[in-house]
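To start, the structure under review is shown below, and the notes come after it.
The values are calculated or read from the model by the stated rules, or taken from the named source; none is laboratory data. Being a predicted model, the structure only gives us computed values, none of them experimental. FYI the Cβ positions are ideal-geometry reconstructions off the backbone, even for glycines, and counts take in every protein chain you see.
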Amino acid sequence: MLLVNEYMSTKTDVVIIGGGPAGLAAGIYTSRLGLETILIEKTALGGQVAVSPFIENYPGFTMISGAELSKRFIEHAELMGVEFRVPEEVIKLELSSETKIVKTNKDTYEADAVIIASGASRKKLNVPGEKEFAGKGVSYCAVCDGSFFRGKVVAVVGGGNTAVSEALHLTGLVKKLYVIHRRDDFRAEIALKQRLLDSPNVTQLWNTVVERIEGDTTVRRLVLRDLKNNKQYEIEVDGVFIAIGYTPNSKIAADAGVAVDKEGYIIVDKRQETNIKGVYAAGDVTGGIMQIGVAVGEGIVAAMSAFEHVTGGWYAKKKKLKAVRIDFEKFKEKEEHEKREEEKSLFKFKL
Amino acid sequence: MSHEHEHEHEILSEEDKKFIRDKFQKELIHPVPIKLLVSDNCEYCHLMEDLLRILANLSDGKIQLTVEKINDNWKEKLKVDKGPVILIGENNEVQYTGSPLGEEGWAFLETIVLTSNKKHGLDAYEGKLKALNRKVRIETIVTPTCPYCPHAVLTANRIAIASGGKVVSDCVEAYEFPEIADKWSVTAVPTIVLSVEEPYSGQVFVVSVPKENQLIDAILKVAIGE
């Protein structure tokens, strides 16, 4: 009797989970090294960068919008031959055998190595009203939603680079902006912090936490507590943007036996390898310093380590690599196009 | 005015045109009727008309474009009184209320292709959707700077295409149509509203990108009045 599998799985050399800077950088490297690379992203390519209002600390770019930088990463990975599966969601990993199995809502993949670059999501405040008013004044993306609050009174909660960048983006739009932080100083870079402190329509509320978000059909006020004198008070706002940090997207990996620390970040060694051979992790999902440059660097290390694992090392020739031919004509066209295009295109026709 | 300034420039670069022409050549099968509804005092109507004419030219006759003024009939039918409104498909099953600018561009292009080749990927649900006893309207409220939004819009559009006209997917650009965003108290995008067409009432289903099966389940429930 012929046994037929329920489904045919897709075979590849490397599967990368996550399409932010770490995953895209890893993909650029594995593709150039001749490994067949499939990158799976559950929502939109680009990761957190895609919704960063602006970036001023990525070397080579004094000032670039997150949307533009992520677009460049995506185009670069595509040109190098990374195959994107978007939107597709990984639902289960089986990592214990030599062949790693990645199951998604659409397909099953078999790979010799897996790079987990699934990033981190915005932490919730977990206060009453947050869930109820999500999308009704509570937001987690200033770039997406900022313009709904033109001329209005808004609060940003948080004190890191993300909170201060989002606050700076909003200062140009809103009438008045409160920045609520539980400490007495921002953790953000001084270059960002100073600009925010100099903005005329910003009021800092130090040593303050949000206890409740209240309103009717939309958010109307925040109930706050001053931690210094333990007094509760209210401020009237039309909206609140929450940027109090991140929580790692590591549950599926952890369920498959990948070791995580007590906060859920994936534990890796210097080669970005996890506790499971052939499984690597890079970027925000590994915690530590969450910066685009760090994510890119970790993605590259993970890619090189995966390459060594899959091929047995540079000269082992354990595996026949696919011929890599990059379409440099396309490169040239693109460069010329970029020279011509002085202002940002009105339409974005590529994913 | 920045709009006029932008309009002096080419709407699409030669590189974009080549990309679109190649894509259309490879992927368009059946003709795609597109209606553009315009009105006076409409900031983006001319831009949309120019864009759609270029796309039609790149489609080797597959895109059948007509441009109409929004008359009382359309006003009554669509509950909007200004343009631009773009209707795609035999049954006008996909609607763009406002321009597919910024991040929406790629999903708009993909929608044209899917309307033509019907490769919506929802074969398992097609029967159920076509058998709906009431028309369901999905409104996805978006902004041009939201990278997640086109994914929600494309999911809704695919459902509309698979339903053969039983479901209408309407992508609403919040800055051009603030009155619609306000009607649903939208302050974050994408916000998805589901309505049954007769009577015209609805409710916010979700503020995020839903999975296709979640959205389809919700549509089936709305249609039977749950």
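Before moving on, here are some points about what is shown:
- Qualifying residue in the range B:56-68 (condition: under 24 Å from B:ALA174 (Cα atoms) and touching a residue at least 12 places away in the same chain (Cβ under 8 Å)): yes
- Among (1) buried (at least 17 other Cβ atoms within 10 Å of the Cβ); (2) within 14 Å of chain B (Cβ to nearest Cβ); (3) not in a strand (DSSP E or B) - the single one A:ALA253 does not satisfy: (2)
- Scanning the range A:120-143 for residues that are within 16 Å of B:ALA174 (Cα to Cα) and out of contact with any helix residue (DSSP H, G or I) (no Cβ under 7 Å at 6 or more places or on another chain) gives A:GLY135, A:LYS136, A:GLY137.
- Evaluating A:THR12 against the criteria (1) touching an Asp or Glu at 6+ places or on another chain (Cβ under 7 Å); (2) part of a helix (DSSP H, G or I) leaves one unmet condition, (2).
- Test for B:GLU68: is it charged (D, E, K, R), under 13 Å from the mean Cα position of the chain (by Cα), over 30 Å from A:GLU68 (Cβ atoms) and more than 10 Å from every other protein chain (Cβ to nearest Cβ): no
- Yes/no for A:LEU170 being assigned to a strand (DSSP E or B), under 17 Å from A:ILE244 (Cα atoms) and outside the structural domain of A:ILE289 (by TED's automatic domain parsing): no
- When the range B:156-181 is limited to residues that are part of a helix (DSSP H, G or I) and modelled with pLDDT of 95 or more, the one that is nearest to the other protein chains (Cβ to nearest Cβ) turns out to be B:ARG158.
- A:VAL143 being over 17 Å from A:VAL202 (Cα atoms), within 22 Å of the chain's Cα centre (by Cα), β-branched (Val, Ile, Thr) and not assigned by TED's automatic domain parsing to the domain that holds A:GLY66: yes
- Filtering A:GLY129, A:GLY135 for residues that are modelled with pLDDT of 95 or more and at positive phi leaves a single hit, A:GLY129.
- From the list A:ILE213, A:ILE266, the lone residue that is in contact with a Pro (Cβ under 9 Å, 6 or more places away or on another chain) and within 14 Å of chain B (Cβ to nearest Cβ) is A:ILE213.
- Residue in the range B:110-133 that is within 24 Å of B:GLY61 (Cβ to Cβ), under 12 Å from the mean Cα position of the chain (by Cα), within 13 Å of chain A (Cβ to nearest Cβ) and not hydroxyl-bearing (Ser, Thr, Tyr) present: yes
- Number of the exception - A:ASN126 against (1) under 22 Å from the mean Cα position of the chain (by Cα); (2) surrounded by fewer than 24 Cβ atoms within 10 Å (Cβ to Cβ); (3) assigned by TED's automatic domain parsing to the domain that holds A:GLY215: (3)
- Counting only residues that are in a loop (DSSP other than H, G, I, E, B) and either touching a residue at least 40 places away in the same chain (Cβ under 8 Å) or more than 14 Å from chain B (Cβ to nearest Cβ) (or both), the range A:81-111 holds 12 of them.
- Criterion: closer than 21 Å to A:PRO248 by Cβ, away from chain B (no Cβ under 12 Å) and among the β-branched types (Val, Ile, Thr) - qualifying residue of A:VAL114, A:VAL127, A:VAL49: A:VAL114
- Among the residues here, B:ILE192 does not qualify as part of a helix (DSSP H, G or I), touching a residue at least 24 places away in the same chain (Cβ under 8 Å) and surrounded by 17 or more Cβ atoms within 10 Å (Cβ to Cβ).
- Residue identified as at pLDDT 95 or above and surrounded by 23 or more Cβ atoms within 10 Å (Cβ to Cβ) among B:LEU52, B:LEU37: B:LEU37
- Scanning the range B:207-223 for residues that are part of a loop (DSSP other than H, G, I, E, B), of a type outside the set (D, E, K, R) and at pLDDT 80 or above yields B:VAL209, B:PRO210.
- Spans of helices (runs of 4 or more DSSP H) in the range B:12-119 with at least 1 residues touching a helix residue (DSSP H, G or I) at 6+ places or on another chain (Cβ under 6 Å) and within 22 Å of B:ILE161 (Cα to Cα): B:14-27, B:105-117
- None of A:ASP145, A:ASP107 is among the acidic types (Asp, Glu), crowded, with 23+ Cβ neighbours inside 10 Å and modelled with pLDDT under 95 except A:ASP145.
- So B:VAL204, is it surrounded by fewer than 21 Cβ atoms within 10 Å (Cβ to Cβ), outside any helix (DSSP H, G or I), touching a strand residue (DSSP E or B) at 6+ places or on another chain (Cβ under 6 Å) and not aromatic (Phe, Trp, Tyr): yes
- The set of residues in the range A:148-180 that are of a type in the set (D, E, K, R) and crowded, with 24+ Cβ neighbours inside 10 Å contains only A:GLU166.
- Those residues of the range A:15-35 which are of a type outside the set (A, V, I, L, M) and either in a helix (DSSP H, G or I) or at pLDDT below 95 (or both), in sequence order: A:PRO21, A:GLY23, A:GLY27, A:TYR29, A:THR30, A:SER31, A:ARG32, A:GLY34
A quick yes/no check of all residues on (1) modelled with pLDDT of 95 or more; (2) small (Gly, Ala, Ser):
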| position | (1), (2) |
| --- | --- |
| B:LYS62 | yes, no |
| B:THR66 | yes, no |
| B:ASP72 | no, no |
| B:LEU78 | no, no |
| B:ASP81 | no, no |
| B:VAL85 | yes, no |
| B:ILE88 | yes, no |
| B:GLY98 | yes, yes |
| B:GLU104 | no, no |
